[in-house]
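Here the structure is laid out as structure tokens; the discussion comes afterwards.
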Amino acid sequence: MKKIILAVFIVLLISIGLIFYVKTRFLSKPEEETFVPIPTVVLPTVSESIKVNLISRNTNKSVDLSIEGLSSDILSVEYELTYETGTGLPRGVLGTINLKEGEKNINKTDITLGTCSSGKCVYDTGVTSVNLSLKFNFSSGQSSVFQKNYSLL
């Protein structure tokens, strides 16, 4: 008699477990994920009175960046140069230029298109154009941007 009760109890446990498994696995609907988009901040374009130029140097191994006509309320300029090597690898250079009080022009020379370590540089070859992005940071806390693609040919 004890064996029959034990067998019924085991069958009952297995049945309950199986019902629970089937119900949760196949009958329940997956929760829908709610995606909340992150708002994009659009910065205004820099004043047309500011003139920007990018010049290739050393057979496209480096570039010189010149910016003229800066106003006195600009504290710094962040720059990003992006380009592709001749083999199609994406590369880039980042930096920040902090302005001295009253500085109206910037001449950042010899920005290397490649990597340098311990005084030795490996230059990226086959670079034909550079996309330049500048972010001008003002003393008011606001910013403006400049973007342009420069051909190095």
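The values are calculated or read from the model by the stated rules, or taken from the named source; none is laboratory data. Computed from a predicted structure; not experimentally measured. Here the Cβ is made from the backbone with ideal geometry for all residues, glycine too, and neighbour counts use every protein chain on show. Side chains are part of the model used for accessible areas, which takes the heavy atoms of the whole protein and leaves out ligands, DNA and RNA. Shrake-Rupley method; radii C 1.70, N 1.55, O 1.52, S 1.80 Å.
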| request: Name the most mobile residue of Leu54, Leu113, Leu12, meaning the one with the largest mean-square fluctuation, in a Gaussian network model of the chain with Cα contacts below 10 Å. | output: Leu12
| field | Share of carbon and sulfur in the accessible heavy-atom surface of the chain [1.4 Å probe, %] | value | 58
| said: Using a Förster radius of 22 Å, what is the FRET efficiency between Thr96 and Ser140 based on their Cβ-Cβ separation? Nearest 0.05, please. | reply: 0.75
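Could you work out how much longer the chain between Asp73 and Val8 gets when fully extended? Use 0.36 nm per residue separation minus the Cα distance between them, nm to one decimal.
Value of the extension gain: 14.9 nm.
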| note | So the angle from the long Cα axis of helix 2-22 to the longest Cα principal axis of the chain, reported in degrees to the nearest 10, equals 30
| Each residue of region 67-81 in order: what ³J(HN,Hα) in whole Hz does its phi give by Karplus 6.51 cos²θ - 1.76 cosθ + 1.60, θ = phi - 60°, with x for Gly and Pro? | 10, 10, x, 6, 8, 6, 8, 8, 8, 8, 10, 9, 10, 9, 10
| query | Which FRET efficiency value, to the nearest 0.05, do you get for Arg25 and Met1 by plugging their Cβ-Cβ distance into 1/(1 + (r/R0)^6) with R0 = 22 Å? | reply | 0.05
| query | By how many nm would the segment from Asn107 to Ile16 grow when fully extended, if each residue of separation counts as 0.36 nm and the alpha-carbon distance is taken off? | reply | 25.0 nm
| task | Grab the DSSP H runs of the chain that are 4 residues or longer, score each as -39,500 (n - 2.57), total them, divide by all residues and round the 222 nm result to the nearest 500 deg cm²/dmol. | result | -5000 deg cm²/dmol
| said: Quick check for region 18-153: number of Lys pairs with alpha-carbon distance under 28 Å, counting only pairs 8 or more apart or on different chains? | reply: 20
| remark: Reduced to Cα centres, the span from region 78-137 to region 1-72 in Å works out to 31
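Need the full-extension length gain, Asn149 to Glu32, defined as separation in residues times 0.36 nm minus the C-alpha distance. One decimal, nm.
37.9 nm
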| message | If you split all Cα-Cα distances of region 24-153 into 5 Å bins from zero, what percentages do you get per bin, shortest first? | response | 2, 9, 17, 18, 14, 11, 9, 6, 3, 3, 3, 3, 2, 1, 0
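Starting from region 1-81, pick out the GluC sites (Glu not before Pro) whose DSSP state is loop and whose Cβ has at most 10 other Cβ atoms within 10 Å.
Sparse-neighbourhood loop GluC sites (Glu not before Pro): Glu31, Glu32, Glu33, Glu48.
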